[in-house]
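Here is the structure we will look at.
The values are calculated or read from the model by the stated rules, or taken from the named source; none is laboratory data. Nothing here was measured: the structure is a model prediction, and the numbers come from that model. Cβ sites come from the backbone with ideal geometry, for glycine too, and all protein chains shown count toward neighbours. Quick note on the areas: whole protein, heavy atoms, side chains included, nothing else; ligands and nucleic acids left out. Shrake-Rupley method; radii C 1.70, N 1.55, O 1.52, S 1.80 Å.
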Protein chains: 6
Amino acid sequence: MSIAVFPGSFDPITNGHIDILRRALKLFDRIIVGVGFNAGKNYTFTAEERVEMVREATEGLPVEVESYTGLLVDFVKSRDCSVVIRSLRASTDFEHEFQMSMFNREYHPDIEHIYLMASKEVMFISSSMVKEIVERGGDVKKMVPANVALALQRKFPEKPSSPKPL
Amino acid sequence: MSIAVFPGSFDPITNGHIDILRRALKLFDRIIVGVGFNAGKNYTFTAEERVEMVREATEGLPVEVESYTGLLVDFVKSRDCSVVIRSLRASTDFEHEFQMSMFNREYHPDIEHIYLMASKEVMFISSSMVKEIVERGGDVKKMVPANVALALQRKFPEKPSSPKPL
Amino acid sequence: MSIAVFPGSFDPITNGHIDILRRALKLFDRIIVGVGFNAGKNYTFTAEERVEMVREATEGLPVEVESYTGLLVDFVKSRDCSVVIRSLRASTDFEHEFQMSMFNREYHPDIEHIYLMASKEVMFISSSMVKEIVERGGDVKKMVPANVALALQRKFPEKPSSPKPL
Amino acid sequence: MSIAVFPGSFDPITNGHIDILRRALKLFDRIIVGVGFNAGKNYTFTAEERVEMVREATEGLPVEVESYTGLLVDFVKSRDCSVVIRSLRASTDFEHEFQMSMFNREYHPDIEHIYLMASKEVMFISSSMVKEIVERGGDVKKMVPANVALALQRKFPEKPSSPKPL
Amino acid sequence: MSIAVFPGSFDPITNGHIDILRRALKLFDRIIVGVGFNAGKNYTFTAEERVEMVREATEGLPVEVESYTGLLVDFVKSRDCSVVIRSLRASTDFEHEFQMSMFNREYHPDIEHIYLMASKEVMFISSSMVKEIVERGGDVKKMVPANVALALQRKFPEKPSSPKPL
Amino acid sequence: MSIAVFPGSFDPITNGHIDILRRALKLFDRIIVGVGFNAGKNYTFTAEERVEMVREATEGLPVEVESYTGLLVDFVKSRDCSVVIRSLRASTDFEHEFQMSMFNREYHPDIEHIYLMASKEVMFISSSMVKEIVERGGDVKKMVPANVALALQRKFPEKPSSPKPL
């Protein structure tokens, strides 16, 4: 049975992540979504919230969701897995991917990273853009699963911060 | 009468912005400079200060200056306008432009973004670099309008933060 | 009455070009499509064929189609025009655009280039890819106007060049 | 039994290709190397030579080598396969990859492309650079399999084209 | 006697910096490492710590280490020097380099910047990645000098921030 | 006495090359301009013409001009030199530079490449663009030395290739 880890912050999960997940499930029997938690980083949602949102959004799929802290490679090994799935977009973090991949392979040459290219429809969706839009009062229903849209509304309920008209 | 919106943080306005404005005024009768204010973002100057600096620097031009909060597209629509002007530089935020343009067009297909390329003389000027230079005691007179140069001096009067010689 | 030139090789015109044309027509009353002809360059279709294909594909739109040779800026000036429209894609020729824009503006500072970003649906279409696909026996009906699809079929009727099975 | 296609020109195969092949064989039981032949393209080696070189260089591995002409997706389907393996390098053809992937997925949504990143040691090797070096009299033993190094020597035996000293 | 300045944050110095230093010392008799300190910036190590780490790591080399604040060009001039050495990597800060170089040359046309390309072995090392790895409990012994590895361990002794298992 | 090699096709030499040469002469006592000749490549000017144009354009400077064939590194070594100067532009051949530098350093670790960034004024000039402009009847006097402007006029005397008006 083939397994792969799909790591990320998922702060929150978007339709872009879902697209990658569905397509990766044609290549692997089961996917472990690794929701990263790093003490030095600021998240909009807590690790618990992020895990819960992924779980709801992937219900019915052969997907496990777990949070992890520390190095991704250690998490991958602890799950007896050797494949990491990553997504590539036009607006990519390409170099950071290179660094990460080089580092991981240097220390764990048996762990392989495979990259899927984001589909055209979701290529320009990112967690940070979704939050930026919601913060400014925009609608992101087409960009995230329904449960995430609700969670975002609760997190950014109003825009009381408008400056007085000048 | 043709109108376009030129949005940005203008924190502060630079000669790069002025260059784009002057050239855009050959294409449009009037330009509305939209000075963005977003609660989650840190600005060096307040919205009022930024608006005021743009006003002084564009005196005599058929330019209106307003601050806005929320989504750019909502601001554009509220002004009965359908064109957004953006600047492109070699050191560009190209992908962020793509994301923003894709998002806006998906929700408001009638709003068009047009891009002008920064002129060679101002291509390497950015608001953040201007501030970085002033903070370190450098001279930015050639890079910003005179009123902005003064405002920057008042904002970063001294460099009391030098470490003791080691 | 506002006019702009939309230059290119159009070898052949694709739905990507049509998308830009339609959107540019919201900004300008009339567009002159300039079909470039350069002696040193190899084209799949002759200048006459390329002009004819653009004409058919833009019938009913306030568009003029002309071939030109020599410098774009000379062509633009000979039409009493001062705006050039260009398209930007993710897979862009961004630097070549910069060079061209810098050169043109240095010699003709009154000519302005404005850039529109290709729509998501056509972002990955290019004339060269269309021809590559047809040459290999693929279907490009969704990527080019109907008359161009026919012209491509006539140009690349068969694939007699397959190597013998090894 | 899982199968994937690894397509390319392999003109000639390099250690960079071998690296990807070996790593892909940890993910798939068998790999079909598809040696592309396109009538409109100039190759240094014939399709037969390229296939033969790949065969020798991959002896002992669960790899099949075949030439194909026409569209990659048709080749993939004719082999009852649905996965295409591609390599990414720092000096990448990233945008062309995007175009190809978008086109293929639009017409054959069931075919998936997965990308592996070239290893650090072979990241700067490309078929064209290898040939450029050999043409200029350089040594490429560390960059290609032994049989390919020999084939290159036979193909570029001398450098009789040096200009007379000026 | 030829001298050049090698500026940076060195927060902390990595084997990538050491590689550039050693190679630059074939071109210049002496290198002044300028450890930048900017009040508005957050550093992991103090200016004193960063200077001290560079000193230990470069012992025996004709290298001077000094911290500086303010503009780099002022620092370079105060040392009667006119050459600045910078490193380029695949994951580069290329545009920021351009801006900085353009700005410095505009005001100090006699100061030249020369760029060396990071060696393949250290191309994917950056100070920020090193810290990210240590923070997550990873080993960076191959990426930084021994004294820096120790300093990093003292700085990030434990990972008490792990979330409770969900 | 310090010497460096500045290699290129110089087909023809432009003001961009002259700018790099003048600045490099502040770092080195003497520069050897290596005019590359490669049998497999098409040049507009012969090796003799290119060498002659560089000689005239650099008269009075401590510059030697020689053509070379084969590998750059072999040429550099044959001149008892160990430094290669390259130019970087925004519209750069960055990845090709990486490949070349990696290859050269792997085989000749004692040869160092140093990069200078093109000045703002000449950043968008390239030999190929200069020829493209002349071919189309444009004026390149500000972009190349006077002797090169003449040579280009002789090479592209007329534009008899204009298509008949359609």
Requested in this report: Calculate the mean, over all residues of peptide D:143-156, of how many other protein chain Cβ atoms lie within 10 angstrom of the residue's Cβ.
Outcome: 0
Report summary line: Diffusion coefficient in µm²/s returned for the protein assembly as shown by Stokes-Einstein, Kirkwood Rh over C-alpha pairs, 25 °C and 0.890 mPa s, is 79
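Given the pairs A:Lys77/D:Lys120; D:Lys41/F:Lys155; C:Lys155/F:Lys155, which span a C-alpha to C-alpha distance of over 27 angstrom in this model?
Values: A:Lys77/D:Lys120 22 Å; D:Lys41/F:Lys155 30 Å; C:Lys155/F:Lys155 34 Å.
Long pairs (Cα-Cα over 27 Å): D:Lys41/F:Lys155; C:Lys155/F:Lys155.
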Query raised in the report: Would you list C:Glu59, B:Glu132, B:Glu106 from the most to the least accessible area, probe 1.4 Å?
Result: C:Glu59, B:Glu106, B:Glu132
Query - Average accessible area per residue (Å²) across the stretch A:1-116 - probe 1.4 Å, nucleic acids and ligands excluded - result: 37
Report summary line: Comparing B:Phe98, B:Phe45, B:Phe124 in a Gaussian network model of chain B (Cα, 10 Å), the one with the largest mean-square fluctuation is B:Phe98
Report summary line: For B:Gly137, inter-copy label-point distances (7 Å, Cα→Cβ), nm, shortest first, read 4.6, 4.6, 5.5, 5.8, 7.3
Query - Shielding by partners, peptide B:18-25 (average Cβ within 10 angstrom, other chains) - result: 1
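Given a Förster distance of 22 Å, report the FRET efficiency between F:Glu66 and F:Arg22 from their Cβ-Cβ distance, rounded to the nearest 0.05.
Approximately 0.70, to the nearest 0.05.
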**Report entry** Rounded tilt (10° steps) of C:15-24 against the dominant C-alpha axis of chain C
**Finding:** 20
Report summary line: Whole-Hz Karplus couplings 3J(HN,Hα) for the stretch F:37-50, θ = phi - 60° and coefficients 6.51, -1.76, 1.60, Gly and Pro as x, run 10, 10, 3, x, 10, 8, 10, 6, 10, 5, 4, 4, 4, 5
Query - Surface accessible to a 1.4 Å probe, D:His108 within the full protein complex, Å² - result: 40
Requested in this report: For E:Val144, enumerate residues with amide H under 5 Å from its amide H, sequence gap 5+ or separate chain, H modeled in the peptide plane.
Outcome: E:Asn15
**Report entry** Label spacing, shortest first and in nm, from F:Ser2 to its equivalents in the remaining copies (7 angstrom along Cα→Cβ)
**Finding:** 0.2, 5.4, 5.5, 5.5, 5.6
Report summary line: Which residues qualify? For C:Gly8, with a placed amide H closer than 5 Å and at least 5 residues away or on another chain, they are C:Gly34, C:Gly36
Report task. Can you pull out the buried accessible area for chains E and F, both sides counted, probe 1.4 Å, rounded to the nearest 100 Å²? Result -> 2100
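Using Cα pairs under 8 angstrom and six or more residues apart, how large is the relative contact order of chain F, in percent? Before the final figure, lay out the partial values.
Values: 226 pairs, mean separation 46.2, N = 166.
Rounded, it is 28 percent for chain F.
Return the average number of partner chain Cβ atoms within 10 angstrom of each residue Cβ along peptide C:133-141. Please report the intermediate quantities before stating the final value.
Values: counts 4, 0, 6, 12, 4, 8, 2, 2, 0.
Counting Cβ atoms of other protein chains within 10 Å of each residue's Cβ and averaging gives 4.
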Query raised in the report: For the Cα atoms of chain F, what angle does the longest principal axis make with the long axis of helix F:146-155, in degrees from 0 to 90, nearest 10?
Result: 50
Query raised in the report: Relative to the longest principal Cα axis of chain F, at what angle does helix F:94-107 sit, 0 to 90 degrees, rounded to 10?
Result: 30
**Report entry** Highest-MSF residue in chain A out of A:Lys26, A:Lys41, A:Lys131 [GNM, Cα springs under 10 Å]
**Finding:** A:Lys41
Query raised in the report: Computed over the Cα atoms, what is the radius of gyration of chain A divided by 2.2 N^0.38 Å, N being its residue count?
Result: 1.09
Report task. Mind listing the label-point distances from E:Glu56 to the same position on all other copies, shortest first, one decimal in nm, points 7 Å along Cα→Cβ? Result -> 5.0, 5.0, 5.5, 6.2, 7.6
Query raised in the report: D:Arg154 to E:Asp110: FRET efficiency via 1/(1 + (r/R0)^6), r the Cβ-Cβ distance, R0 56 Å, to the nearest 0.05?
Result: 0.55
Query raised in the report: Under 12 Å from the 7 Å Cα→Cβ point of C:Asp80, by amide nitrogen: which residues of the stretch C:1-41?
Result: C:1-3
Report summary line: Within the set D:Gly60, D:Gly40, D:Gly138, GNM on chain D using Cα springs under 10 Å gives the largest fluctuation to D:Gly40
Report summary line: Dividing the helical contributions, -39500 (n - 2.57) per DSSP H run of n ≥ 4, by the residues of the protein assembly as shown yields a 222 nm value, nearest 500 deg cm²/dmol, of -11000 deg cm²/dmol
Query - Efficiency of FRET between C:Met1 and F:Glu56 - r from beta-carbon atoms, R0 45 angstrom, step 0.05 - result: 0.30
**Report entry** chain D, accessible surface, carbon-and-sulfur percent (1.4 angstrom probe)
**Finding:** 49
